[in-house]
Amino acid sequence: MAAQPSTSRSSRNLRVLGVAAWGLLGLSLIFIFFVAREADDYPGGGPLQRIFYFHVPSAWVAYLAFAVVFISSIAYLRTAERRWDLLAHGSAEIGVLFTSLVLITGPIWARPAWGTWWQWDARLTSTLILWLTYLGYLFLRSLTRDPARSGRLAAVVGIVGFLDVPIVHFSVRWWRTLHPSGPTPADPTNSSGLGAGELLAFFTALIAFTLLFAWFLAMRVRIGRLADEVDRLEIDAGRASRVLTTEATEVPVAGT
Amino acid sequence: MSGFGWMLVAFGCVGAGIAGYLFSLVVRERRLENRLKALPLNTPRHPADS
């Protein structure tokens, strides 16, 4: 009973986070379509260029999610506390979702812009490897029912897999790739970079996606805790019913 | 397809991905709540746990 106020407070916080994330996402759509119009007249600009406003924030959330997996996995291996494992598992799931969105929206932009869906260049290939690594992480977790064992194994994969994140990020500098480098502020000397409206749309989308990640993660961790609790109660109920059945068969009949 | 068409496809994919994941979370939570409701109330604890 004592946990009631804290539970309702966390539910309220979760609701506020959700409303903020969806509200900012709606605002970012308005900015993307009605404010960020500087590049509309440039070749490659216009509607196609607007894919960038969801593609890059998706990539940022994927980096963030895998960083959370990395830190939580280290904490889990050090402390063996279940909460770190739940955090790492939830974050990996969300990281895979957003990496999938990166790998879907990128080729949709590339087909009309480059004339091909896919190029085996450093940025695209290292992103695909990142996605496959954490897909393997989730598959590994489903192989065993023992949470401690799967948690330890997954933590090792979660830590090693994160080594690919800096490779993905710096690949455009380390190797010659077709992929554009990250967004930069407008440079009037060569008409490159983002204008004020575009920067506004971009950062609004970036914050919206970050809040969406936090919201998803909080919900996913809550579900993980609930699953643990239900499993524990079901085991308790099973044991208790066995005890009651045994006691019932052992009760001597009155008068005998 | 025009640039606008490609943009719509991309935005549709992002929306479907986000909405699909949210739906999966809601379904998982609902299933767990149903399992919780199906448990007998005031389940006596096993003596070994007390």
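Counting every other Cβ atom within 10 Å of each residue's Cβ, A:28, A:142 order from fewest to most as A:142, A:28. Taking other C-beta atoms within 10 angstrom as a stand-in for reagent exposure, B:8, A:124 fall in the order B:8, A:124, fewest first.
Counting neighbouring Cβ atoms within 10 Å and putting the fewest first, the residues A:102, A:157, A:16 line up as A:16, A:157, A:102. The angle separating the long axis of helix A:122-143 from the principal Cα axis of greatest extent in chain A is about 10 degrees. Annotation for residue A:132 and residue A:80: the two label points, set 7 Å from Cα along the Cα-Cβ direction, are 3.5 nm apart. Between helix A:4-30 and chain A, what is the angle of the helix's C-alpha long axis to the longest principal axis, kept within 0 to 90° and rounded to the nearest 10? Taking the Cα atoms of chain A, the angle to A:4-30 is about 20 degrees.
Charges were assigned to the Cβ only: +1 to each Lys and Arg, -1 to each Asp and Glu. The resulting dipole of the stretch A:75-125 about its Cα centre is roughly 40 debye.
Rounded to the nearest 10 degrees, the inclination of helix A:52-79 to the longest alpha-carbon principal axis of chain A is 40 degrees. Within the shell defined by Cβ-Cβ distances under 14 Å, the residues around residue A:77 carry a net charge of +3, with Lys and Arg each +1 and Asp and Glu each -1.
Scaled against the 2.2 N^0.38 Å expected of a compact globular protein of N residues, the Cα radius of gyration of the stretch A:80-165 reads 1.28. Comparing A:202, A:34, A:98 in a Gaussian network model of chain A (Cα springs below 10 Å), the most mobile by mean-square fluctuation is A:34. Once C-alpha pairs closer than 8 Å and six or more residues apart are averaged by separation and normalised to the residue number of the stretch A:100-179, the relative contact order reads 35 percent. Measuring nothing but how far apart in sequence close Cα pairs (under 8 Å, 6+ apart) lie, relative to its length, chain A scores a relative contact order of 31 percent.
Here the Gaussian network model covers chain A, with springs between Cα atoms less than 10 Å apart; of A:37, A:173, A:141, A:173 fluctuates the most. Considering only alpha-carbon pairs that sit under 8 angstrom and 6 or more positions apart, the relative contact order computed for the stretch A:24-174 is 26 percent. Entry for chain A at q = 0.10, 0.13, 0.15 Å⁻¹: log10 I(q)/I(0) = -0.62, -0.93, -1.13, Debye formula applied to identical alpha-carbon scatterers, no solvent contribution.
Every number in this text was worked out from the coordinates using simple rules, so none of it is lab data. Note that the structure is a prediction, hence the values are computed from the model and not measured. Heads up, the Cβs are rebuilt from the backbone with ideal geometry, glycines too, and the neighbour counts pull from every protein chain shown.
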